Amino acid sequence: MDLTYAAPYHNIISGNRVYNNWIAANNPVACGAHTDGNGIIMDTFLDETKNSIVYPFQTLVGGNVSYANGGRGIHVFRTSNVTVANNTVYGNGTDTCINAYYLGDLSQAGGSNNVWVNNVAQSVQTAVNASCGQYCGGRNAPLVAGNSGGTTDSNNTYSYNVLYGGAGVQLFNADVNSFSCSKNKCATNPMLDSPTATNFGLQSASPAIGYGFAGYYVLTSPVDAGACSKSLASCL
């Protein structure tokens, strides 16, 4: 059905509001060994035998709001051919038992031909959890991109994203050369209406208004970056 209504995508995750996913306090996984609690994750689109055959079809993650999750807001892990478009992520990475060098509200971690476009990401820095491990807490970033889980990043693109807060954009491996602040708004406050009150609409002076790119995942122009367009009085 997705191919009928939204070709070329075989899988679509759209229009969701995702929040407060956590590793439960009574989970036997020890603090410092937490890895999950992500809002939305595209997780290991590889064969189950040798993890060597890449799922070849396209996936769209679009128009979602993901906030206050323990892990990443949107996480693409060992997965290729994903378009992440027009999402708003805010204040994720709240679980300070995740021992991660950087913890991204948007996270590209192993995969090829992934497109990150028209997203708004605002990080809120957590406190350092010194009792957990070397990199627990205090490592939040609006975008983290690099190889992960034995899978190499290649041919990923990043454009028309508004990225703000935390430790800033953190890039590794091939993504160092794939990403440029000239194609994105780095260290730029998206001026969300009232994110602490879970209103992710855009203030009238927001730099996300009219900034996006109209592609085959968004049919009209001009396009506002993020999941919440300026036409919405509020985005709750």
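The values are calculated or read from the model by the stated rules, or taken from the named source; none is laboratory data. Here the structure is a predicted model, which is why all the values come from computation and not from measurement. Ideal geometry is used to build each Cβ from the backbone, glycine not excepted, and the neighbour counts take in all protein chains shown. Accessible surface areas use protein heavy atoms only, side chains included; no ligands, DNA or RNA. Shrake-Rupley method; radii C 1.70, N 1.55, O 1.52, S 1.80 Å.
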### Query
Which residue pairs have Cβ atoms closer than 6 Å, lie 6 or more positions apart in sequence or on different chains, and pair a first residue in the range 41-62 that is more than 27 Å from F213 (Cβ to Cβ) with a second residue that is assigned to a loop (DSSP other than H, G, I, E, B) and open to solvent by 80 Å² or more (accessible area, probe 1.4 Å)?
D47/I53
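Quick one: which of A214, A187, A208, A167 is open to solvent by 50 Å² or more (accessible area, probe 1.4 Å), not in a strand (DSSP E or B) and not aromatic (F, W, Y)? Before you say what the answer is, go through the steps one by one.
Working: A214 fails: open to solvent by 50 Å² or more (accessible area, probe 1.4 Å); A208 fails: open to solvent by 50 Å² or more (accessible area, probe 1.4 Å); A167 fails: open to solvent by 50 Å² or more (accessible area, probe 1.4 Å).
From the options A214, A187, A208, A167, the qualifying one is A187.
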### Task
Name the one entry in G104, G149 that is on the phi > 0 side of the Ramachandran plot and of a type outside the set (V, I, T).
G149
### Message
Just checking, does the range 127-135 include any residue being part of a helix (DSSP H, G or I), of a type outside the set (F, W, Y) and in contact with a strand residue (DSSP E or B) (Cβ under 7 Å, 6 or more places away or on another chain)?
### Response
no
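Scan the range 211-227 and tell me whether some residue there is under 15 Å from the mean Cα position of the chain (by Cα) and under 29 Å from Y135 (Cβ atoms).
yes
Would you call T59 farther than 30 Å from A197 by Cβ, assigned to a strand (DSSP E or B) and polar (S, T, N, Q)? Working first, answer last.
Values: farther than 30 Å from A197 by Cβ: yes; assigned to a strand (DSSP E or B): yes; polar (S, T, N, Q): yes.
It is true that T59 is farther than 30 Å from A197 by Cβ, assigned to a strand (DSSP E or B) and polar (S, T, N, Q).
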### Query
From the list N20, N26, N16, which one is surrounded by fewer than 13 Cβ atoms within 10 Å (Cβ to Cβ), more than 13 Å from N81 (Cα to Cα) and modelled with pLDDT of 95 or more?
N20
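So, in the range 66-95, exactly how many residues are assigned to a strand (DSSP E or B) and either open to solvent by 10 Å² or more (accessible area, probe 1.4 Å) or modelled with pLDDT under 95 (or both)?
4
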## Note on the structure
Output for Cβ contacts, cut-off 8 Å, separation at least six or different chains, first residue without any contact (Cβ under 8 Å) to a residue 24 or more places away in the chain in the range 114-135, second part of a strand (DSSP E or B), reads A130/C136
### Query
Looking at the range 144-164, which of the residues that are surrounded by fewer than 19 Cβ atoms within 10 Å (Cβ to Cβ) and in contact with a strand residue (DSSP E or B) (Cβ under 7 Å, 6 or more places away or on another chain) is nearest to R78 (Cα to Cα)?
G149
#### Entry: F172 vs. criteria more than 30 Å from A100 (Cα to Cα) and of a type outside the set (K, R)
no
### Query
Across the range 7-37, what is the number of residues that are within 15 Å of the chain's Cα centre (by Cα) and in contact (Cβ under 8 Å) with a residue 40 or more places away in the chain?
9
